[in-house]
Amino acid sequence: MLVDRIMKALQCPFLSRLPSNSLTKQAPSVIGMASQCPVMRHAMKYTKLATATGTDMPTMMKKCPFPHHKMGGSTVAGISSLVGGHAASSSPTKSPAAGCPVDSKKPDSSKSEKGSFKDGEGRETPFPYEQFWSDRIEAKKKDHTYRVFRNVERNAQTFPLAKVVKEGARAKQDIQVWCSNDYMGMSWHPKVQNVVKETVDKHGVGAGGTRNISGTSPLHNLLEADLAKLHQKEAALLFTSCYVANDTSLYTMARMLPGCHIYSDAGNHASMIQGIRTSGVPKHVFRHNDPQHLRTLLQQQPKSTPKIVAFETVYSMSGNIGPLSELLDVCEEFGALSFIDEVHAVGLYGDHGAGIGEREGELRRMDIITGTLGKAFGNIGGYIASSSKLIDMLRSYCSGFIFTTSLPPTVLAGARKAIEILSSEEGVMLRKRHQMNVSTLREMLYEAGIPVMRCPSHILPIKVGDPELVFRLSQQLLDEFGVYVQPINYPTVQRGMEMLRVAPTPHHTVHMMEYFVNSLVALWKKNGLELKQPHCTTCNKTLQRQHWMSNSNDLCAGADCDKYIQAVAAC
C-alpha cells in the first residue's frame with residue numbers, strides 16, 4: 001500500500017525528480033509533499049476508485065497547472081533539501097517542487113524548521129492569524145478577483161431603478177439596475193408586498209425553530225404542496241437556500257445509495273460540486289451539455305449500479321440551456337436518477353412558470369428538481385421536488401435541512417403569492433414581455449458591436465476577458481452613467497471569461513435599453529476597445545443577425561458560408 005501511494009505521488013512532474021534509490025528512506029516526505037497538492041492529494045486518495053472507474057493517472061494529471069511539457073521533462077535530478085537530503089550529483093539542481101504552485105511560497109524567516117513561528121529574539125510565538133488573512137486578501141486584490149459589494153438601496157415603488165450609497169458621499173446616486181436576479185420584479189409586486197405585511201401582523205417575523213422543533217407551520221405545508229403541484233411531483237421540501245438544497249441532498253443521496261456513482265455536468269454550480277465532492281463517492285464529469293459523452297461514461301458501469309446524473313437547465317453565467325430531453329433519454333437508458341437544477345428557469349419558462357421542464361413537456365420524466373424562491377419568485381429559500389418517498393428520506397436524513405431554523409412566515413406567504421401570480425395569466429404576460437425585452441436588448445447590443453455572447457436564455461453575458469478591465473468598466477458605468485452591472489470574475493467564471501452579466505426584466509423600458517447600450521458604446525470607445533459584430537469562425541464573414549440569433553455555433557447558415565460552399569463544391 002505504501003509503495004502504491006509513493007508511485008502515485010511520483011507521477012507529479014515535480015516529485016518525480018526525486019532519485020529512485022532514496023524512495024524508501026524519504027517515503028514519508030514524498031507522500032507528505034504530494035498530500036499538499038490538490039491534484040495529487042485527490043489522485044492518491046482515490047487510487048482504488050480511479051482504477052475501478054477507468055480513470056487513469058494521465059487524465060488526473062491533466063488537471064495539474066504545471067504539466068510535464070512546461071517543465072521540459074521530469075527526469076530524476078537528485079534529492080532536494082525539501083525532503084532533507086543532498087543532491088546526488090555535484091551539479092546544482094532545482095528543487096523537485098520548483099515552480100509548483102503548492103510549493104511556490106517564499107520561505108518565511110520567522111518560521112523554524114518544524115514550522116513554528118518565532119519572534120526577533122528566537123522565542124516561539126502563536127500563528128499570525130491576522131497577517132495570514134491580510135495576505136490572502138492582498139492576493140485577491142493583486143489578481144483583480146477581490147470582490148467589492150455595491151451598497152444598493154432598492155425602492156419598492158420604482159423597480160428596476162434604485163440608489164447606490166457610496167462610502168464617504170453625502171448624497172445617494174440614482175441608478176438603473178441591470179444585473180438583478182429578481183428577474184420578474186416579484187419582490188416589489190404590490191400583491192406580494194401586501195400579503196407579506198398581512199402575514200407580519202398575523203404571525204410575526206420569525207419561524208420559531210427548526211422544522212422539527214416548533215418551526216413547521218401550515219404555511220410551510222401549503223408552500224411545499226404548491227411547489228409539488230407546480231413541478232408535477234408527489235412532494236416537495238423547503239430549504240433555507242437552493243445552495244443548501246443541492247449540497248445536502250446530493251451528499252445525502254450519494255452517501256446512502258450503496259456503491260453510488262455521480263455524473264456531473266462540467267458547467268455545474270458550486271452547490272452541486274460541493275455536495276458531490278464531500279460525499280466522497282466516485283465522480284465522473286461529462287462535457288458541458290454533451291449527452292454522448294455522458295452516455296460513454298454511463299455505459300462503463302452496470303445498469304444495476306446506483307447512479308445520479310446532476311445538471312442544470314439554464315446555466316447562470318453562460319446563459320446556455322441544456323439539451324434536457326436528450327440527457328433524460330440517456331439517464332433512462334442506463335437506469336440513472338436525474339437531478340436537475342432549475343434555479344434560473346423557474347418562474348421564467350413554461351405555461352405556469354415551472355421552468356424548462358414544463359416548456360419542453362418533460363416534467364414527468366425529471367426524477368428530482370431543485371429550484372429557488374430567491375430569483376424569479378422574489379423572496380428567499382430553496383426547495384427540492386420529487387417522489388414522496390425520496391422527499392421523506394431527505395426530510396429524515398439531510399443535516400442541512402434538520403439542523404437549521406426554518407423559513408419565516410413572511411417569506412412563505414410572499415413566495416406563495418409570487419408563485420400564484422406567475423402561474424396565472426398575469427405571469428404569462430410578464431414572461432412574454434420579458435422575452436421580448438431580452439430579444440430587443442440582444443439585437444441592440446449586436447447592432448452596436450458590443451461582444452454579447454450568444455445564448456438562448458434570458459441572460460446576456462458581455463465578454464470582457466480581463467479581470468482588471470471588467471472591474472474598471474463596471475465602475476465607470478456606475479460613476480459616469482448611473483448604470484449598475486456587477487463585474488463577474490474568477491472563481492464564478494473561468495479566468496479569461498470575465499464578463500458583465502446583464503439580466504433584463506419585463507420592467508426595463510426601450511428608453512432604458514437605449515441609454516444602457518449608448519453608455520456601453522461610450523465606454524468601449526473610451527477604453528480603446530473594438531466595436532464589431534460577430535464573425536463566422538469558418539469564413540470570417542460578419543454574421544447576419546438572423547444567423548447569429550438562431551445558430552448556437554459561430555457559423556453562417558450553411559449556404560451563406562463561403563467555406564461551406566467551397567467544401568460542398570469539392571465533394
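No value in this document is a laboratory result; all are computed from the given coordinates. All of these numbers come straight from a predicted model, not from anything done at the bench. Cβ placement follows ideal geometry from the backbone for every residue including glycine, while neighbour counts extend to all protein chains displayed.
Quick look at the values:
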{"read-out": "Nearest-0.05 FRET efficiency for residue 198 and residue 443, computed from C-beta distance (R0 51 Å)", "value": "0.75"}
{"read-out": "Within the stretch 468-506, backbone nitrogen closer than 14 Å to the virtual label 7 Å beyond the Cα of residue 151 toward Cβ", "value": "none"}
{"read-out": "Hypothetical label at residue 389: residues of the stretch 240-257 whose amide nitrogen lies under 15 Å (7 Å Cα-Cβ projection)", "value": "257"}
{"read-out": "Cleavage-rule hits, chymotrypsin sites (Phe, Trp or Tyr not before Pro), the stretch 369-430, DSSP coil, Cβ neighbours within 10 Å at most 15", "value": "403"}
{"read-out": "Computed E for residue 405/residue 256 - FRET, C-beta separation, R0 22 angstrom, nearest 0.05", "value": "0.30"}
{"read-out": "Lys, Arg +1 and Asp, Glu -1 on Cβ, resulting dipole of the stretch 189-423 about Cα centre, debye, nearest 20", "value": "520 debye"}
{"read-out": "Cα-Cα over 19 Å, subset of 191/417; 172/526; 229/417", "value": "172/526"}
{"read-out": "Loop-resident sites, the stretch 356-388, for trypsin sites (Lys or Arg not before Pro), counting at most 16 other Cβ within 10 Å (DSSP)", "value": "none"}
{"read-out": "Contact order relative to length of the stretch 401-502, as percent, for alpha carbon pairs under 8 angstrom and 6 or more apart", "value": "20 percent"}
{"read-out": "Residue among 398, 194, 411 farthest towards the positive dipole end of the stretch 189-423, charges placed on Cβ", "value": "398"}
{"read-out": "Mean separation of Cα contacts under 8 Å, 6 or more apart, over the residue count of the stretch 272-398: relative contact order %", "value": "16 percent"}
